[in-house]
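Data block below; observations after.
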Protein chains: 2
Amino acid sequence: MAHVKHMKWWGWGEEGVHFEYANKPAFAPFVKKALGVDLRPRERDTIDFSTVTVPSSRAGQDVLETLARISGTDNVTTDDELRVVHWAGKSVTELLLTRAGDFARVPDVVVYAGSEDEVAGVLRLAVEKDLVVIPFGGGTSISRSLQPDPAEERTIVSLDLGRMNQVLAVDETSGLATIQAGVLGPDMEAQLNARGWTLGHFPDSFTHSTLGGWAATRSSGMQSDKYGDIADIVRGMRVVRPAGTVVLRPLPSTSTGPSLREMVIGSEGRLGVITELDVHVHRLAERREVIAYMFPTWQQALTAMHDISRSDVSTTFARVSDARETAFSLSTQKAPATLRKKVAVKGQNLLWEVMRRRGWDTAAMCISYVCFEGSTSEVDRRKKTVAGIVKKHGALVLGSGPGALYDQKKFDTPYLRDFLLEQNTIGDVSETAAPWSKLTTLHQAVYDAADRAFQQTGKTGWIMSHMSHSYHSGACLYFTFGYELGEHPHEEYAVIKGAIQQAFVDSGGTLSHHHGVGTEHSPWMEQDVSPEGVQLLRGLFATADPGAHLNPGKIVG
Amino acid sequence: MAHVKHMKWWGWGEEGVHFEYANKPAFAPFVKKALGVDLRPRERDTIDFSTVTVPSSRAGQDVLETLARISGTDNVTTDDELRVVHWAGKSVTELLLTRAGDFARVPDVVVYAGSEDEVAGVLRLAVEKDLVVIPFGGGTSISRSLQPDPAEERTIVSLDLGRMNQVLAVDETSGLATIQAGVLGPDMEAQLNARGWTLGHFPDSFTHSTLGGWAATRSSGMQSDKYGDIADIVRGMRVVRPAGTVVLRPLPSTSTGPSLREMVIGSEGRLGVITELDVHVHRLAERREVIAYMFPTWQQALTAMHDISRSDVSTTFARVSDARETAFSLSTQKAPATLRKKVAVKGQNLLWEVMRRRGWDTAAMCISYVCFEGSTSEVDRRKKTVAGIVKKHGALVLGSGPGALYDQKKFDTPYLRDFLLEQNTIGDVSETAAPWSKLTTLHQAVYDAADRAFQQTGKTGWIMSHMSHSYHSGACLYFTFGYELGEHPHEEYAVIKGAIQQAFVDSGGTLSHHHGVGTEHSPWMEQDVSPEGVQLLRGLFATADPGAHLNPGKIVG
């Protein structure tokens, strides 16, 4: 079988890697207070696949044989565990279903395509034999962009791009690389770094998601302030469709009608399968530093982030946690194990003392991280300017120590979700973007909506937020929420997540800043892009895929 | 009749404004040498409209009455001159046809819609009565995006947006303005400037084109390095369609499937009529300076522009003319009329002497302009850095004098085209964008192709170019070409312009960087976005406008 690395069939990330709380003394008390949940030590390291029953493959022998002719016997499988690995993404709903063994409909066959020709062959077969094809990158979707329609009667092919994982070329003069769609983040960065380049795109899912998946779901990485959203990064593409391949050459800018590039980006497989991308790449920065700041209040912090964004200074990212997320963040600090770390804790206690003496309410303070990249002199100049801005808004400069820690831990958060699920507790995220003028009211509206939903469902719920991804006219607000599961997990989740999503669109925000639509967010599409906008999208999908073979039902029903 | 300002029916710009060559002593000799044409003084200041015959309006009384009910009698007209003003844009082909009175098919009625409701009424009527609707902004298109299909049998409505010309709101916190689509550039800037803001979008057509037109044709302004292309500037839109209005709220970034915003931008009226836009606006810069530099060679100049683009310095624009355009530019200098200007000429002669002493070939030298905006200290810092970069590539810093002159003259060039046409001479432009790695070969390939086409048509032709609009991965090359008209003007033009367009796509460039597609560039669409890409666009237009009422035939046939 093809050597493609997959995540745990039952959760996030690699087998053997877990969130640990025993070494974080403040964490269990925090969870107890926030959610009313008594944490227990982790009971199991994995889940035995034999404990679940998987619906049999419905793929006919003729389809399997043709697929084997296209991609080779070794690259076509009806293995139950691999079909379950490919059945869905990692949204809370999908994790709940997976852990319950509740697989309404699972792909009937997984094909690991090794080339554009193979992808084209699979799509042609799909039209000929009336199959459904769902492209699969890393499987990190939290918008249910992968899960098949439970009522789908046709044979479903999960088309895994994982074998197409090469950086094919770097145009060093133009800062452009041609890269296959199925490459995982770290593998791609390793290939680029070896030549002195980076894509600079680091979404939370980075370690387990793919370049093609980022493009197909309109991803944005933590460093988008410098490197852009994936829609800015991708300049050219090859997109395989049943009747032929859309070839968009790498162009810095063009005036050729409606943007096909921007039509394919975010299309979640509904217009075809992205096999190859031309993307902006950048020289590795001479110096990189993440500096932490502490603000007395959320409002001061937000205004400072906006001032940084509209200043002459370029930052790689500028983010700030609100008071609740700051408190959460402090609760996940490890107990100091070394003398050096014990000194650091003393330093921190001293800092708290300084703040209290300044009259800060330490329950209101907000931690911020700003990343600087560039030449040493540029980094120094920018740090100085930013220090001036944040101080004007009452912040203390904490320096590079906490920043380095943030940088190390940044991809670990998704493991926490699985740990909490085992404790019968939901920890989930949802994010939006809105104009600067609406961020404060939106933030409050989401909190109010979540609190109402927690009340309605009888929960001791928790919600917290940070601001990240600055643009000229606005920014992203990213919310994390949690609560203990009740007897009707899916219904409760719909109420709570739904309330948050509704508050987004009601407050001038978008239903999703960088997690796509799938089926999870499609109920808000008409409110976000208007009913007539949804009609245009429906028409586009219908004309591009009249037989509904390409990941049907996603984005708009 | 509605008070909407129009350009000359027979040419560019305002009646009474002309290109003058008598006060530019080097110009006639330059044209003689470059094109073999002996310039004569301008013979007429205008063309009497009574000299042409216009096909009668075919609009039925019922349609005219309904339109009058929608927009008011004063805003509906079948006047011949107004119909001719609206019949086409200002491409060379259209100017030739207009001057020859060769109006194959002219809109049957012009409607000046004053509101979104009126636009909606017109579109509903179009579906009901099987009409064709062609939205009209300023009429500056040079891609034949406005000209009706000569074979169109149905009644054609030119829908003029010129009454919808208000800045409706400015969100000062977010740097966003809500503006009606029909506002002309200067009118919009005046309204914004009065509140301390600017859009920063200045295409060559600025004085006579509209915000809605820029969006509908994917425009890019001279200052796009700082302010972005129109696709970056526009964040939200209202787009009226027969069945309803697509409402895209102003969002800094979103992950809601294929981008409807990027689908409507560049759609040239084929998806509906843009009536209102939410756009990025910026505070007027504290300081603005345009500095000129002279490079010894094109290659050194290009590399320097690329180095500026990838440096830590933000510029508002950075452009460089090649040797031929530099020579042309010098030929359009006015004779010095004042003592101060005579001193300046002496200074210039001295400069030439310096260059010759340095061993420069003055026939190879290239003039460059870089614009800096920001705080005084930032402008100074950036100027210093850029001076260091250009000097490394052998340039001399000419200072702000020539830069200021460039800034004043920047919107005047289109008048030259009309002057030359009267002299039976074509002066026209075409532009592309390509990755940095391809600019040098593309530039040469276009020159070679143009020279072959000039030979083929027996012309003494001229072509020149500048680089402008820098992006991370490439830039725009903008070509201007000229030749004396022969007996078969349309056939000759097709050979020469066609050769240039073909060289663009053959050399890795796009068919248009910021002038749209219309019918002028549609023959290269398959080569630019691939046949399957064109199929996707055809499907989109067919599904969005099944009755082909909305500016049919444009972009893809």
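The values are calculated or read from the model by the stated rules, or taken from the named source; none is laboratory data. For clarity, every value in this text was computed on a predicted model and none was experimentally measured. So basically every Cβ, Gly included, is an ideal-geometry build from the backbone, and we count neighbours across all protein chains shown. To get the accessible areas, we keep the full protein, side chains included, count just its heavy atoms, and leave off ligands, DNA and RNA. Shrake-Rupley method; radii C 1.70, N 1.55, O 1.52, S 1.80 Å.
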- line: Restricting the stretch A:171-188 to residues that are surrounded by 24 or more Cβ atoms within 10 Å (Cβ to Cβ) and among the β-branched types (Val, Ile, Thr), the one nearest to A:Arg235 (Cα to Cα) turns out to be A:Ile179
- request: Could you list all residues from the stretch A:1-43 that are over 26 Å from the mean Cα position of the chain (by Cα) and not aliphatic (A, V, I, L, M)?
  value: A:Asn23, A:Pro25, A:Pro29, A:Lys32, A:Lys33, A:Gly36, A:Asp38, A:Arg40, A:Pro41, A:Glu43
- prompt: Can you spot a residue in the stretch A:38-61 that is of a type outside the set (Gly, Ala, Ser) and in contact with a Leu (Cβ under 6 Å, 6 or more places away or on another chain)?
  reply: no
message: Please determine whether any residue of the stretch B:177-199 is farther than 27 Å from B:Thr432 by Cβ, facing chain A (nearest Cβ under 9 Å) and of a type in the set (Ser, Thr, Tyr).
response: no
- prompt: Looking only at the stretch B:1-30, which residues are over 27 Å from B:Leu184 (Cβ atoms) and either touching a residue at least 60 places away in the same chain (Cβ under 8 Å) or touching an Asp or Glu at 6+ places or on another chain (Cβ under 7 Å) (or both)?
  reply: B:Tyr21, B:Asn23, B:Lys24, B:Pro25, B:Ala26, B:Phe27, B:Pro29, B:Phe30
message: Cβ-Cβ under 7 Å, sequence separation 6+ or interchain: first residue in the stretch B:39-50 and among the basic types (Lys, Arg), partner assigned to a loop (DSSP other than H, G, I, E, B). Which pairs?
response: B:Arg40/B:Gln423; B:Arg42/B:His18
field: Residue that is of a type in the set (Gly, Ala, Ser), under 21 Å from A:Pro203 (Cα atoms), at pLDDT 95 or above and touching a Lys or Arg at 6+ places or on another chain (Cβ under 7 Å), where the choices are A:Ser321, A:Ser368, A:Ser314, A:Ser309
entry: A:Ser368
- prompt: Quick one: which of A:Glu65, A:Glu94, A:Glu43 is farther than 30 Å from A:Tyr493 by Cβ and of a type in the set (D, E, K, R)?
  reply: A:Glu65
- request: Could you tell me which of the residues B:Ala169, B:Ala181 is free of Cβ contacts under 8 Å to residues at least 12 places away in the same chain and hydrophobic (A, V, I, L, M, F, W, C)?
  value: B:Ala169
Among the residues listed as B:Glu373, B:Glu378, the single one being charged (D, E, K, R) and either closer than 28 Å to B:Gly482 by Cβ or part of a helix (DSSP H, G or I) (or both): B:Glu378
field: Top-ranked residue in the stretch A:452-469 [being open to solvent by 20 Å² or more (accessible area, probe 1.4 Å) and out of contact with any Phe, Trp or Tyr (no Cβ under 8 Å at 6 or more places or on another chain); ranked as nearest to the other protein chains (Cβ to nearest Cβ)]
entry: A:Arg452
message: Take the conditions surrounded by fewer than 22 Cβ atoms within 10 Å (Cβ to Cβ) and within 18 Å of A:Gly139 (Cα to Cα) and apply them to A:Asn193. Does it pass?
response: no
statement: (1) in contact with a Gly (Cβ under 8 Å, 6 or more places away or on another chain); (2) facing chain A (nearest Cβ under 7 Å); (3) buried (at least 22 other Cβ atoms within 10 Å of the Cβ) all hold for B:Leu477 apart from (2)
query: Just checking, which of A:Ser309, A:Ser267, A:Ser331, A:Ser314 is buried (at least 24 other Cβ atoms within 10 Å of the Cβ) and in contact with a helix residue (DSSP H, G or I) (Cβ under 8 Å, 6 or more places away or on another chain)?
result: A:Ser267
field: Of residues in the stretch A:76-99 being touching a strand residue (DSSP E or B) at 6+ places or on another chain (Cβ under 7 Å) and not in a helix (DSSP H, G or I), the one nearest to A:Lys497 (Cα to Cα)
entry: A:His86
- prompt: Which residues, counting only those in the stretch B:480-494, are assigned to a strand (DSSP E or B) and surrounded by fewer than 23 Cβ atoms within 10 Å (Cβ to Cβ)?
  reply: B:Thr480, B:Glu484
- prompt: Is the stretch A:3-19 home to any residue that is loosely packed, with under 13 Cβ neighbours inside 10 Å and more than 20 Å from A:Phe411 (Cβ to Cβ)?
  reply: yes
B:Ala231 closer than 22 Å to B:Ala475 by Cβ and open to solvent by less than 20 Å² (accessible area, probe 1.4 Å): yes
task: Kindly provide the set of residues from the stretch A:359-373 that are of a type in the set (Phe, Trp, Tyr) and under 18 Å from A:Met464 (Cα atoms), ordered by number.
output: A:Tyr369
message: I need the full set of residues from the stretch B:508-545 which are in a loop (DSSP other than H, G, I, E, B) and at the interface with chain A (Cβ under 9 Å from one of its Cβ atoms), in order please.
response: B:Gly508, B:Gly509, B:Thr510, B:Leu511, B:Ser512, B:His513, B:His514, B:His515, B:Gly516, B:Val517, B:His521, B:Ser530
message: Which numbered condition in (1) more than 14 Å from chain A (Cβ to nearest Cβ); (2) surrounded by fewer than 22 Cβ atoms within 10 Å (Cβ to Cβ); (3) under 22 Å from B:Trp298 (Cβ atoms) is the only one that B:Val386 fails?
response: (2)
- line: When the stretch B:70-103 is checked residue by residue, the ones that are over 27 Å from the mean Cα position of the chain (by Cα) and in contact (Cβ under 8 Å) with a residue 12 or more places away in the chain are B:Ile70, B:Ser71, B:Gly72, B:Asp74, B:Asn75, B:Val76, B:Thr77, B:Thr78, B:Asp79
statement: Checked pairs for the stretch B:372-387, first in contact (Cβ under 8 Å) with a residue 40 or more places away in the chain, second assigned to a helix (DSSP H, G or I), C-beta under 6 Å and 6 or more apart or across chains, list as B:Phe372/B:Val379; B:Phe372/B:Arg382; B:Phe372/B:Lys383; B:Val386/B:Ile308
- request: Count, please, the residues in the stretch B:317-328 that happen to be aromatic (Phe, Trp, Tyr) and open to solvent by less than 10 Å² (accessible area, probe 1.4 Å).
  value: 1
- request: Scan the stretch B:165-177 for residues that are out of contact with any Asp or Glu (no Cβ under 8 Å at 6 or more places or on another chain) and on the phi < 0 side of the Ramachandran plot and jot them down.
  value: B:Gln166, B:Val167, B:Ala169, B:Val170, B:Asp171, B:Glu172, B:Thr173, B:Ser174
message: Considering only residues that are closer than 24 Å to B:Val31 by Cα, modelled with pLDDT under 80 and touching a helix residue (DSSP H, G or I) at 6+ places or on another chain (Cβ under 9 Å), which ones fall in the stretch B:336-363?
response: B:Pro336, B:Gln348
